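First up is the structure itself, then whatever we jot down about it.
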Amino acid sequence: MAKKKQTNNKKGKAEAKASAKPKQTDEEWLEEELGDDADKLMAEAAEKIKKLEADLKEWNDKYLRLHAEWDTYRRRTAEQREQDRATATEDLVTDMLPVLDDFERSIAYANTNGEKGLLEGIEAVYTKLGLVLKKHGAEVINPAQFEAFNALEHQAVSTVENKDEYDESVANVLQKGFKMGSKVIRPATVVVTTGGDPRPKEEEDEEN
């Protein structure tokens, strides 16, 4: 019994001694584990860390520079787009001024000489106006009579029965439409036929 107690006392003293021993730092542990190579390996690790930090700073600088360049590009693009829009509007107005002058001359002529010749003057102005719009990319949508109704360019406001023509053909145009490129600015307002036979698929594809 005394021997067991003595063993326990020794064990307790060893544990107390171990707990009293200061805890190793990471550097001390590395030095103990690596021995003589510790300083060399730690120096290499410090050099790699230094290089990684330099690389990180370089990439961060590149990111900030690219971000600034992108902001500048986006601002300049927006300004250029606005300038192009203003220039296009200015060009259109400039080309429209002679047309307005012709209208004024036609009105003045009618006031001085009566209505004789007024129609010819208006027709000439109308033709010139159409040329100005065409110059700026506007294209008239004026479907021929009885051509296939095109929902992308035509707007049907009424129908008329006509069994002699294919179903859903343009009976007449109430108002011409306009488009610029592939964008329809205003669809043509049309009356559409009903009651006829369906248009053959092949013919419909050719017209569209």
On average, how much area does the Cα convex hull of the range 56-208 cover when viewed from any direction, in nm²?
16.5
Sparse-neighbour loop sites [chymotrypsin sites (Phe, Trp or Tyr not before Pro); the range 106-208; at most 14 other C-beta within 10 Å; DSSP]
none
Calculate what fraction, in whole %, of the accessible area of the range 82-173 sits on carbon and sulfur atoms when a 1.4 Å probe is rolled over the protein chains.
54
Length gained, I107-D164, 0.36 nm per residue minus C-alpha separation, equals 16.0 nm
Using every Cα-Cα pair within the range 160-200, state what percent have a distance larger than 14 Å.
52
Which values, in whole Å and largest first, are the semi-axes of the equivalent ellipsoid of the range 123-171 obtained as the square root of 5 times each eigenvalue of the Cα gyration tensor?
30, 12, 8
I141's amide H: which non-local residues (gap 5+, or another chain) put their own amide H closer than 5 Å, with H modeled 1.01 Å from N in plane and none for Pro or chain starts?
G177, F178, K179
Provide L152, L64 ordered by accessible surface of protein heavy atoms (probe 1.4 Å), highest first.
L152, L64
Per residue, how large is the accessible surface of the range 71-167? Use a 1.4 angstrom probe and give square angstrom.
77
Where in the range 84-156 are there GluC sites (Glu not before Pro) that are in a DSSP coil and have at most 10 other Cβ atoms within 10 angstrom of their Cβ?
E115
Between Rg and the Kirkwood Rh of the range 88-169, both from Cα atoms, what is the Rg to Rh ratio?
1.17
Provide, as a two-decimal number, the C-alpha radius of gyration of the range 132-208 over 2.2 N^0.38 Å, N being how many residues it has.
1.15
Compute the distribution of all C-alpha to C-alpha distances in the range 48-124, in bins of 5 Å from 0, and list the percent of pairs in each, rounded to whole numbers.
3, 12, 10, 9, 7, 7, 7, 6, 6, 5, 5, 4, 4, 4, 3, 3, 3, 2, 1, 0
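The values are calculated or read from the model by the stated rules, or taken from the named source; none is laboratory data. In this text the structure is predicted, and so the values were computed from the model without any measurement. Positions of Cβ are generated from backbone atoms using ideal geometry, with glycine treated the same way; all protein chains shown enter the neighbour counts. These accessible areas exclude ligands, DNA and RNA; they are computed on the full protein's heavy atoms, side chains included. Shrake-Rupley method; radii C 1.70, N 1.55, O 1.52, S 1.80 Å.
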